[in-house]
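A short write-up of the structure that comes next.
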Ligand code: SF4
């Protein structure tokens, strides 16, 4: 009696979102985008100047999204 072959598993759907992007870095309770170098940020309350990576929400995305690397 012939046996029926199992259907191949569906490939996992790639979700385009920051949390699945290679440039997404959760750090110290916030999510940074490391696609570009940090930029200058000014604290208008005390006039302090610093540099930082853009903060992003895990569910957002942009046109530079790229899948995470396997290595
Ligand atoms: S999708 Fe865009 S904004 Fe989000 S982590 Fe990737 S490069 Fe940064």
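The values are calculated or read from the model by the stated rules, or taken from the named source; none is laboratory data. Keep in mind the model is a prediction, meaning the values are calculated, not measured. Heads up, the Cβs are rebuilt from the backbone with ideal geometry, glycines too, and the neighbour counts pull from every protein chain shown.
Could you grab me the full set of residues in region 1-25 that are within 16 Å of the ligand (Cβ to nearest atom) and either out of contact with any strand residue (DSSP E or B) (no Cβ under 6 Å at 6 or more places or on another chain) or outside any loop (DSSP other than H, G, I, E, B) (or both)?
Within region 1-25, 14, 15, 16, 17, 18, 19, 20, 21, 22, 24, 25 qualify.
Are there any pairs, at least 6 apart or on different chains, whose C-beta atoms fall under 8 Å, with the first in region 56-71 and within 11 Å of residue 23 (Cα to Cα) and the second more than 10 Å from the ligand (Cβ to nearest atom), and if so, which?
Pairs that qualify, where the first residue is within 11 Å of residue 23 (Cα to Cα) and the partner is more than 10 Å from the ligand (Cβ to nearest atom), are 67/14.
Which of the residues spanning region 36-57 are exposed (fewer than 10 other Cβ atoms within 10 Å of the Cβ) and within 16 Å of the chain's Cα centre (by Cα)?
Of everything in region 36-57, just one residue is exposed (fewer than 10 other Cβ atoms within 10 Å of the Cβ) and within 16 Å of the chain's Cα centre (by Cα), namely 37.
Can you give me the ranges of the strands (runs of 3 or more DSSP E) entirely in region 30-70 with at least 2 residues that are within 13 Å of the ligand (Cβ to nearest atom) and at pLDDT 95 or above?
30-33
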